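Since every read-out is calculated from the coordinates, none of them should be taken as a lab result. The model shown is predicted, which means the values in this text are computed figures rather than measured ones. Cβ coordinates were reconstructed from backbone atoms using ideal geometry, including for glycine residues, and neighbour counts include every protein chain displayed.
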Amino acid sequence: MQNFDFYNPTKIVFGTETIARLSKLVPPAARVLLLYGGSSAQKNGTLDEVRAALGAREVQDFGGIEPNPTYETLMRAVEQIRREKLDFLLAVGGGSVIDGTKFIAAAVNFEGDPWSIMESHGRVVKSALPYGSVLTLPATGSEMNNGGVVTRKATMSKLAFSSSHVYPQFSILDPSKTFSLPVRQVANGVADAFTHIVEQYLTYPADGMVQDRFAEGLLQTLIEIGPKAIADPEDYAIRANLMWVATLALNGLIGAGVPQDWATHMIGHELTARYGIDHARTLSIILPSNLQIRRESKHAKLLQYAERVWHLSEGSEEERIDAAIEKTRAFFESLEIKTRLRDYDIGADAIDLLINQLQAHGMTQLGEHKDVTLAVSRRVLEASL
């Protein structure tokens, strides 16, 4: 296991009827911008609860943050904050709203071209406005980490950034707020969290015994509760466990001191940027093919994954690896998520375009060994057809 620093300052407030605690969590004199996506938070009463908890504070709204937040939309929020001299942000929604809020927080006082925040992957960020979040969709773990992903429509670029300055000060997690989510969003959340864990776990042995067992437990929990979360949307225990798994999947803990991959995400981002496919669904397309193409470099951990996560102990090593990859694909399919490019009307003629996008965005040495070249990414995409 490698040396590491682990730092996470986010306060988690978990459970039912916790939105009322905003009255204590947000500074009394704060001038608040309330950020959200579509109309669901308004329809299910969450925004009304938030406003009531904020009391007499000055509160302005900014809605319409997309499922894949765009630079163009987020910059309108930046302009509003500067114009109105607002000083505290509150994100109400899922990972996209929180990701967008992170970028906004970093961009408000940034000197220079704000898109350079994304192009530098966050290295140029020196400060950010304080913010908190009220999570309504378990998926990305953005409520307890310092990373975000933003799309620029003008260039069809989808880039990631991170900075120690953009951790949420607090995040409220009330599982009952997920009861009214559409099945598609719940399924996406399960697939997203699953892939986050795999990206940090399924690399090569690094003596991270604690991280391995932690990751395996989280994966087994998702396998157990994923279909149940879809079948019984108001089972509080299931939704509570799903929400907590998704948070733990990407709060930095299971990735501390161990190698990480993220090639599936980087390739998947190009599919979303070009074709608008849901982020989690791009991961479900790419991950099984990625594991298959890179099975030699991941051989030892694939066998561990097969045995410990899927309980596969019979047959040759290659047969067990094949079975584990197939079970991974079948798990996504059990969530009613299609796992082939052809399911999204994308054919072989798209591969050159996607490879060109990867090259333009500097994604030419991906993976835990930095050996996922454009040629390897091409093979992964071809295997995903």
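A few notes on this one:
- Potential lengthening of the chain between Ala375 and Leu353 amounts to 6.6 nm, from the contour at 0.36 nm per residue minus the alpha-carbon distance.
- Distance from segment 154-226 to segment 320-385 (C-alpha centre basis), Å: 19 Å
- Cβ-based net charge around Thr16, under 13 Å, with every Lys or Arg adding one and every Asp or Glu removing one: -1
- According to the Kirkwood relation over distinct C-alpha pairs, the hydrodynamic radius of the chain is 21.2 Å.
- Charged-residue dipole, Cβ positions (Lys, Arg, Asp, Glu), the chain about Cα centre, Debye nearest 20: 920 debye
- Restricting the GluC sites (Glu not before Pro) of segment 133-228 to loop positions (DSSP other than H, G, I, E, B) with no more than 12 neighbouring Cβ atoms within 10 Å leaves nothing.
- Treating r as the C-beta distance of Arg213 and His165 and R0 as 30 Å, the FRET efficiency rounds to 0.40.
- Helix 236-249 and the longest principal axis of the Cα set of the chain meet at an angle near 80°.
- Under the convention that each Lys and Arg Cβ holds +1 and each Asp and Glu Cβ holds -1, the size of the dipole of segment 308-385 around its Cα centre is about 220 debye.
- Local charge for Pro69 was computed over the other residues whose Cβ lies under 12 Å away, with Lys and Arg +1 and Asp and Glu -1, and equals +2.
- Once the chain from Met156 to Ser127 is taken as fully extended at 0.36 nm per residue, the excess over their C-alpha distance is 7.7 nm.
- If you take all other residues with their beta carbon under 12 Å from the beta carbon of Ala350, and give Lys and Arg +1 and Asp and Glu -1, the sum is -2.
- Anisotropy class of segment 11-177 from Cα gyration tensor, a/c 1.5 cut: prolate
- Each principal axis of the Cα cloud of segment 182-383 was taken in turn, and the coordinate range along them, longest first, works out to 45, 40, 33 Å.
- Ranking Phe14, Pro130, Thr203 by Cα position along the charge dipole of the chain, where only Lys, Arg, Asp and Glu carry charges on their C-beta atoms, puts Pro130 farthest toward the positive end.
- With Cα atoms, 0 to 90° folded angle of helix 299-308 axis to the chain main axis: 70 degrees
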